[in-house]
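Enquirer: Let me begin by handing over the structure; questions about it come next.
What follows draws every value from the coordinates through simple rules; no lab data is involved. Just so it is clear, the structure is predicted and the values come from calculations on it, not from any experiment. Note: ideal-geometry Cβ built from the backbone for every residue, glycine included; neighbour counts use all protein chains shown.
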Amino acid sequence: MFLRVRRPRSQLAMTSSVVAQVFDGPGQPFRPEQYPLPTPGPGERIVAIRCATLCGSDVHTVEGRRHEPTPAILGHEGIGEVIAAGTGVEHDLGRRVTWTLADSCGQCRFCQQLDLPQKCDDLFKYGHASLTDGTGLNGTYASHVLLRRGTHVVDVPATISDAVAAPANCALATAAAAIDVLPDGVDRILVQGAGLLGLYAAALLRHRGVKSVWCCDPLKKRRQQVASWDVTAIHPEDVGKIDECDAVLEMSGYAPAVADGVQVLRIGGTYVFVGMVHPDSHLPLTGEQVIRKSLRLQGVHNYAPRHLNQAVDFLAELGQDDRLENLVSPPRPLAELSQAFEEARSQAWLRVAVAPDACL
Ligand SMILES: [Zn+2]
Ligand SMILES: [Zn+2]
């Protein structure tokens, strides 16, 4: 097997070991561990993490509202540098990259015929797998992650900072996937929820020239943030004042909001479900409403590789932008992961960042 190793920028990455914060289950402190740096197999890359961000789904896991196999290295959002590459992907060595949340086979009908590689028969998702799965280096709350052979890797231009790039492979790429399912010609769109997913979607829609974009959220700070993207930010109580939309994107995770969204949809409009990835999501909606309004309902879960390309393109087109920088906290050292989760729960930032070699 051909293997090249290049001198990495990160001090931690220069060691021959991996430092990780292991999750043993809700209510238990993260456990620091060291592992030997593995040798990548064909098509695999080892990435030294430069920055990782705490997704809401990880907060749910740590709080016990979502169940993952343990022990595990959580974390799926991140950016890093390829420090070792196996046969076939040697050209990635030394690149500063982001990667798809999931590893897909490229062969099954979901991958080849249905344009749903995120539902691959042989799907693997980073940050959601046990230490016993593969090398165990499956998450970004570590100094290194091992990227499997079917993972789509995208170069991150130097103009995009680590903090801005880190959440791109989750919230921003998912926002791009949600927009991808909209019919052509929609120019009046309501985004429900101004968390990171909703903010990205609203900003991306305006960036692509959609004329009228509303975004509703009960939190004033979030409305202020999304308003800086030339989006009309409103309180959810005022959604009924909108004079018909072509499409509504559900990005709040809050099922009762569907009633308001459906009310403002025009006849023949499209409702896209993205945020309610939890069982407490029974819809306040009748079949009759869907039929009489001739609505199109669409679910979007995760994304395909092209959506990650679109996410990085969007960030590259914006260049250095304080509005993006201000969404993410200054990175804490990885060793302070528990404190980082406390900070994430405080909702002071849309994303809290950790970095293996961060200094506060
Ligand atoms: Zn995420
Ligand atoms: Zn597949």
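Enquirer: In whole Å and largest first, what semi-axes does the C-alpha gyration tensor of region 15-118 yield when each eigenvalue is scaled by 5 and square-rooted?
Expert: 26, 22, 12
Enquirer: Among R109, R266, which comes first, second and so on when ranked by fewest other beta-carbon atoms within 10 Å?
Expert: Final ranking by Cβ density, sparse to dense: R109, R266.
Enquirer: Can you sort T61, T70 by how many other beta carbons sit within 10 Å, fewest first? Don't skip to the end; give the middle numbers.
Expert: Working: T61 21, T70 15.
Taking fewest neighbouring Cβ atoms as first place, the list is T70, T61.
Enquirer: Given a cut-off of 21 Å, name the pairs among K125/K221; K211/K241; K119/K211 whose C-alpha atoms lie farther apart than that in the structure shown.
Expert: Violating the 21 Å Cα-Cα cut-off are K125/K221; K119/K211.
Enquirer: Rg (Å, one decimal) plus Dmax (Å, integer) for the alpha carbons of region 34-79?
Expert: Reported Rg and Dmax, both Å: 13.3, 37.
Enquirer: Taking the Cα centre of region 26-130 as origin, sum charge times position over the Cβ atoms of Lys and Arg (+1) and Asp and Glu (-1), and report the length of that vector in debye to the nearest 20.
Expert: 160 debye
Enquirer: Take the alpha carbon gyration tensor of the chain, find the square roots of its eigenvalues, order them as a ≥ b ≥ c, and report rounded if a/c is under 1.5; if not, report prolate when a/b exceeds b/c, else oblate.
Expert: Cα axes put the chain in the prolate bin.
Enquirer: Could you list, bin by bin from short to long, the percent of Cα-Cα pairs of region 234-360 in 5 Å steps?
Expert: Computed distribution, short to long bins: 2, 8, 13, 14, 15, 16, 14, 8, 6, 3, 1, 0.
Enquirer: Can you give me the relative contact order of the chain as a percent, contacts being Cα pairs under 8 Å and 6 or more apart?
Expert: 18 percent
Enquirer: So what is the calculated 222 nm ellipticity per residue for the chain, using -39500 (n - 2.57) for each DSSP H run with n of 4 or more, over all residues, to the nearest 500 deg cm²/dmol?
Expert: That comes out to -6500 deg cm²/dmol.
Enquirer: Going by how many other Cβ atoms sit within 10 Å of their own, how do C108, C120, C55, C215 line up, fewest first? Please list the in-between numbers first.
Expert: Working: C108 17, C120 21, C55 25, C215 29.
Ascending number of Cβ neighbours within 10 Å: C108, C120, C55, C215.
Enquirer: Here's another thing I want to ask about it. What do you get for Rg/Rh of region 182-299 when both radii come from the Cα atoms and Rh is the Kirkwood radius? Walk me through the intermediate numbers first.
Expert: Details: Rg = 13.0 Å, Rh = 13.9 Å.
Answer for region 182-299: 0.94.
Enquirer: Three principal axis extents, largest first, for the C-alpha atoms of region 145-189, in Å?
Expert: Computed over the Cα atoms, the extents are 40, 27, 15 Å.
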